[in-house]
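Written below as structure tokens is the structure these notes are about.
The values are calculated or read from the model by the stated rules, or taken from the named source; none is laboratory data. The model shown is predicted, which means the values in this text are computed figures rather than measured ones. With ideal geometry, Cβ positions are generated from the backbone for all residues, glycine too; neighbour counts draw on all protein chains shown. For accessibility, only protein heavy atoms count, side chains too; no ligands or nucleic acids. Shrake-Rupley method; radii C 1.70, N 1.55, O 1.52, S 1.80 Å.
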Amino acid sequence: MNGTRRKTVDPAALPRHFEAAEAERRWHERWQRDGTYHYDPSRPREETFVVDTPPPTVSGSLHVGHIFSYTQTDVVVRYQRMLGKNIFYPLGWDDNGLPTERRVENYYHVRCDPRLPYEAGLEVGEANAKRRKERPRGISRQNFIELCEELTAKDETAFRELWSRAGLSVDWRQEYQTIDEHCRRTAQRSFLDLHAKGHVFLAEAPFMWDLDDQTAVAQAESEERTIPGAYHHLRFTLVDGDESFTIATTRPELLAACAGVAAHPEDERFRGLFGRRARTPLFHAPVEIFPSERADPEKGTGILMVCTFGDQTDVDWWREQDLPLRQVVGRDGRFVPIRFGEGAFESLAPEAANQAYDQLEGLAVHKARERVVEMLREPGSAPDGQGAALVDEPEAIEHPVKFYERGRRPLEILPTRQWFCRLLDKKADLLAMGEAIAWHPPFMHARFRDWTENLNLDWCLSRQRFFGVSIPVWYPLDESGEPDHGQPILPAVEQLPIDPMIHVPEGYDESQRDKPGGFTGEADIFDTWFTSSMTPQIGSHWGDDPERHERLFPADIRPQAHEIIRTWAFYTIAKAWLHHGTVPWHHILLSGWILDPDRKKMSKSKGNVVTPLELLDKYTADAARYWAASARLGVDTAFDESVWKIGKRLQTKLWNAGKFVLSQEGPVHPVHCELDRAFAAKLRALVEASTRKLDGFDYAHALADTESFFWSQFTDSYLELVKVRARRDDADGGSATTSLRLGLDVLLRLLAPVMPYITEEIWSWAFADEHDAPSIHRAPWPGHADFADIAPPDDPGSFDLAAAALASINKAKADAEVGMGREVETLTLAANEATLARVAPVLGDVLEAARCETHDLATEASLEDGAFRVVSAQFAPKPAR
RNA sequence: GGGCGCAUAGCUCAGUUGGCUAGAGCACCUGCCUUACAAGCAGGGGGUCCCUGGUUCGAGUCCAGGUGCGCCCACCA
């Protein structure tokens, strides 16, 4: 480089300020055109860095959280890219599933009715206020799916624009939708593989059921809410004997479903009852009284009725005690028609029981409860006809009840036929996989471990919904038209993806659909997690392209939110184990939450969402990214707009510093001055520390270090110290210019992952040509090579001494209330003897920066090492303007 | 009830294996248009590091107990 001219910029030719909005558009286009972020499938696995990007749920509304966590991943990715890695960074859209169905129902004001025929070319359009007052329009399943596709395509556009602008360096050629053909094939392939390996099974069993969405719900999708309820005390009698006892229940409407009575075996009060039969009020059902350790003598009255089904414990008791099934609540939440008597529900007084039940049939759960309580209040409602069955008034309580996480009514437990994946017998393996993955931050591992250890249900895979991936199964129908669920018909892998409601199994034709001796298609779809748990394999094209799969699986990192460890992380780990016997990725990065200023989680439903577009306009994308990258992994952060402001300030400062440094035309000369070498040494230490932190995914501290160095060491100190010398047309001036450029060059690269726009802009002025690296984002990460030509300083502390000396003179100027640019006519600077000796090699730079022509030095032994004091100073008068 | 996390300046946050007088930015106060930058610079005030006890020459940091907040899970008669 010595002797050649360097490329410089003319500051006058540059805009006064960085035009961020224009630059964001321009660079985005340029990066797309040049394929800056493209994955190269020809490079080997060891040179590749694979990201298992979360496919966001496309809900239609954007908030700052969407920028937050995705930017954190992008910073990690951009660092890896600058290390020379071949980056596989796809982005998919999780568009199937209930959130989309809900949004479509609201947006168009429609409901899916699978009985309706398909209407070709149906145009519905967004619902207006008038239409919303009417009943939702019923449309066919296929029409409904088309609307889902239409709306998600629209929503995806908004998300794509937001993230393009935020500068996510994804390879947009790898885009996918979890409902697209490739994902459906991957999910169905997963099912066939699990079936072949014996991990999935079909079972008719009581399972959590959401009445509003009319679908089964997995353990992971349920949550508890504390709601008001009431203990109702009901008097039961014995079938043989005069004794009676009182149970307490919060669900009196399930009295008709009572199948047993339980109390603690040690409970003296009820010891004599075990093995005998009780008689229920109203329905006069004879039920077994049995002991169980799980009955709590302290709770309620200590004795309880077991129903089919009030809760999961009822299910367990029903199984253990082999109790009769008395299902009264239907899939729509209404009481189903049933009869008591011979060949039906057992009753000692069928006529009375049927009379009572007639008043409940067809009622919704809460109405039935009211009605039952009225009946129980009536005199003579007790099983022995002596008074009312309801003892005392109901006692109001608050109690926890399970809900579907998106549901409005409590979950019911109903026996339904569902597909399950066996997981309970694989806990040990899944826990071992969890150990083999590096969790960032590490304490998040505990959440996975706790969840896995405490899992108590197998994974229910099927959902009775519409917009999702079909379960690829048909069932043969016998001569009476009944399906044989024990002999499911599966498609060949080559046929995937299929929709069993449309496609026909091998050996049948369409005319045999739903006909005796023919076949019927499985109407259910998969739980959305069944597909999203395959994101690593979706990216790797598992099954379709073995060579690609080898290069992309397992992935390097999985970034995700911590509240879905039990779902997305867990199921992905489970699938990778079941299919491949490995981990799905080597590292998992858990992002924190954005909280509103009251420290509540920001979410659409709470209405406390900050929309990102205005903020992007106000502060720029680099500032947004600065904000996101300032938060550490796993740490919830209160939203604070002032951090965006700091990001923008940093961007502006970079613009100005870049303009200054690259406009210096000093001669090309190696770095030789002590101060310059001392600066380079500090810069080198920064690079090493920053690299170490980024290797551990600690982008936040790497940024804090770099920002602080840039601001205080580079611009405030070093740049001020050498700006005068840099203008000199000699070897010392060349040394200053060279190291200033080195400082800018290295700092730009350190900041490029966080602030891709401003760094690319400044890079393009000179360094792109100088390093033959058209984009800073493909430039090598700074390292030893950048410092190879620079000798270490004679005194590593000389830079700090110079900065401290200058600061002491600045303080004198501030105390005298004169500007920093004021010339110093006389100066007496004091320090201890050793400090004066050490500062001597760099004192010239200090005095130049302070605009000081003549000076005296004084020895003050009392000053600490490295401390300076201005004993006296006279400043030139303010020049006339 | 079990597990995890957090508590540091008015606000948002750093603080590494225990080590000088506990830091940054924002906000606030004072001064300064200085040849990159007033979208800036220089300087300044501001702290019971949640509480109690312990270990230690030394504790914001380690240990025990407690308080408050948040999250995850379990309990659901």
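Below, the figures for the structure above:
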read-out: Count of residues meeting criterion [hydrophobic (A, V, I, L, M, F, W, C) and open to solvent by 40 Å² or more (accessible area, probe 1.4 Å)] in segment A:365-396; value: 2
read-out: Residue pairs meeting the criteria (Cβ under 7 Å; at least 6 apart or on separate chains; first under 22 Å from A:Arg319 (Cβ atoms), in segment A:292-303; second outside any strand (DSSP E or B) and within 7 Å of RNA strand B (Cβ to nearest atom)); value: A:Arg294/A:Thr313
read-out: Members of segment A:345-369 that are assigned to a loop (DSSP other than H, G, I, E, B) and under 21 Å from A:Gly333 (Cα atoms); value: A:Gln359, A:Leu360, A:Glu361, A:Gly362, A:Leu363
read-out: A:Leu424 within 16 Å of RNA strand B (Cβ to nearest atom) and under 30 Å from A:Glu221 (Cα atoms); value: yes
read-out: Qualifying positions in segment A:695-739 - open to solvent by less than 10 Å² (accessible area, probe 1.4 Å) and more than 12 Å from RNA strand B (Cβ to nearest atom); value: A:Tyr699, A:Thr706, A:Arg725, A:Gly733, A:Gly734, A:Ser735, A:Ala736, A:Thr737, A:Ser739
read-out: One residue from A:Val661, A:Val643, A:Val635, A:Val668 being crowded, with 22+ Cβ neighbours inside 10 Å and either more than 7 Å from RNA strand B (Cβ to nearest atom) or farther than 23 Å from A:Asp845 by Cβ (or both); value: A:Val661
read-out: Residue pairs meeting the criteria (Cβ under 6 Å; at least 6 apart or on separate chains; first assigned to a loop (DSSP other than H, G, I, E, B), in segment A:496-524; second modelled with pLDDT of 95 or more and of a type in the set (Phe, Trp, Tyr)); value: A:Pro500/A:Trp474; A:Pro505/A:Trp474; A:Pro505/A:Phe519; A:Tyr508/A:Phe519
read-out: For A:Gly407: the one exception among (1) open to solvent by 10 Å² or more (accessible area, probe 1.4 Å); (2) out of contact with any helix residue (DSSP H, G or I) (no Cβ under 6 Å at 6 or more places or on another chain); value: (1)
read-out: The lone exception for A:Ile594 - which of (1) within 11 Å of RNA strand B (Cβ to nearest atom); (2) at pLDDT 90 or above it fails; value: (2)
read-out: Checklist (1) modelled with pLDDT of 95 or more; (2) buried (at least 17 other Cβ atoms within 10 Å of the Cβ) applied to A:Pro774, failing item; value: (2)
read-out: Among (1) within 22 Å of A:Phe309 (Cα to Cα); (2) touching a helix residue (DSSP H, G or I) at 6+ places or on another chain (Cβ under 6 Å), the one test that A:Arg447 misses; value: (1)
read-out: Flag if A:Glu453 is modelled with pLDDT of 90 or more, open to solvent by 60 Å² or more (accessible area, probe 1.4 Å) and either of a type outside the set (A, V, I, L, M, F, W, C) or under 29 Å from A:Thr215 (Cβ atoms) (or both); value: no
read-out: Condition broken by A:Trp765, with the remaining ones in (1) closer than 23 Å to A:Leu686 by Cα; (2) modelled with pLDDT of 95 or more satisfied; value: (1)
read-out: Residue within segment A:454-466 that is more than 20 Å from A:Ala205 (Cα to Cα), away from RNA strand B (no atom under 16 Å from the Cβ) and in contact (Cβ under 8 Å) with a residue 12 or more places away in the chain present; value: yes
read-out: Qualifying residue in segment A:823-837 (condition: within 11 Å of RNA strand B (Cβ to nearest atom) and either surrounded by fewer than 16 Cβ atoms within 10 Å (Cβ to Cβ) or part of a strand (DSSP E or B) (or both)); value: yes
read-out: Yes/no for A:Thr157 being within 30 Å of A:Val754 (Cβ to Cβ), under 27 Å from the mean Cα position of the chain (by Cα) and of a type in the set (Ser, Thr, Tyr); value: yes
read-out: Unique match (being within 10 Å of RNA strand B (Cβ to nearest atom) and open to solvent by 10 Å² or more (accessible area, probe 1.4 Å)) among A:Phe443, A:Phe448; value: A:Phe443
read-out: Residue among A:Ile564, A:Ile573 that is assigned to a helix (DSSP H, G or I), open to solvent by 10 Å² or more (accessible area, probe 1.4 Å), within 16 Å of RNA strand B (Cβ to nearest atom) and out of contact with any Lys or Arg (no Cβ under 7 Å at 6 or more places or on another chain); value: A:Ile564
read-out: Residue list for segment A:471-502, restricted to those being within 16 Å of A:Ile525 (Cβ to Cβ) and among the charged types (D, E, K, R); value: A:Asp499
read-out: Complete set of residues in segment A:838-856 that are open to solvent by less than 20 Å² (accessible area, probe 1.4 Å) and part of a loop (DSSP other than H, G, I, E, B); value: A:Ala850
read-out: Segment A:77-133: number of residues that are assigned to a loop (DSSP other than H, G, I, E, B) and closer than 30 Å to A:Arg692 by Cα; value: 6
read-out: Selection count where residues are closer than 24 Å to A:His587 by Cα and of a type outside the set (Phe, Trp, Tyr), scope segment A:1-41; value: 3
read-out: Whichever residue in segment A:306-357 is among the acidic types (Asp, Glu) and open to solvent by 50 Å² or more (accessible area, probe 1.4 Å) and, among such residues, is nearest to the chain's Cα centre (by Cα); value: A:Asp311
read-out: Filter result (near RNA strand B (Cβ under 9 Å from one of its atoms), within 26 Å of A:Arg409 (Cα to Cα) and among the hydroxyl-bearing types (Ser, Thr, Tyr)) within segment A:295-338; value: A:Thr313
read-out: Strands (runs of 3 or more DSSP E) lying entirely in segment A:378-454 (those with 1 or more residues that are in contact with a strand residue (DSSP E or B) (Cβ under 7 Å, 6 or more places away or on another chain) and of a type in the set (Val, Ile, Thr)); value: A:390-404, A:412-421
read-out: Scan of segment A:857-874 for residues that are within 15 Å of RNA strand B (Cβ to nearest atom) and assigned to a strand (DSSP E or B), ordered by number; value: A:Arg869, A:Val870, A:Ala873
read-out: Selection within segment A:330-340 - of a type outside the set (D, E, K, R) and within 17 Å of A:Ala353 (Cβ to Cβ); value: A:Phe335, A:Val336, A:Pro337, A:Ile338, A:Phe340
read-out: Segment A:781-804 - residue that is within 46 Å of the chain's Cα centre (by Cα) and among the acidic types (Asp, Glu) and, of those, least open to solvent (accessible area, probe 1.4 Å); value: A:Asp786
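One line per residue, one yes/no per condition, for (1) modelled with pLDDT of 90 or more; (2) of a type in the set (D, E, K, R):
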residue: A:Arg294; (1), (2): no, yes
residue: A:Leu360; (1), (2): yes, no
residue: A:Glu378; (1), (2): yes, yes
residue: A:Glu395; (1), (2): no, yes
residue: A:Glu398; (1), (2): no, yes
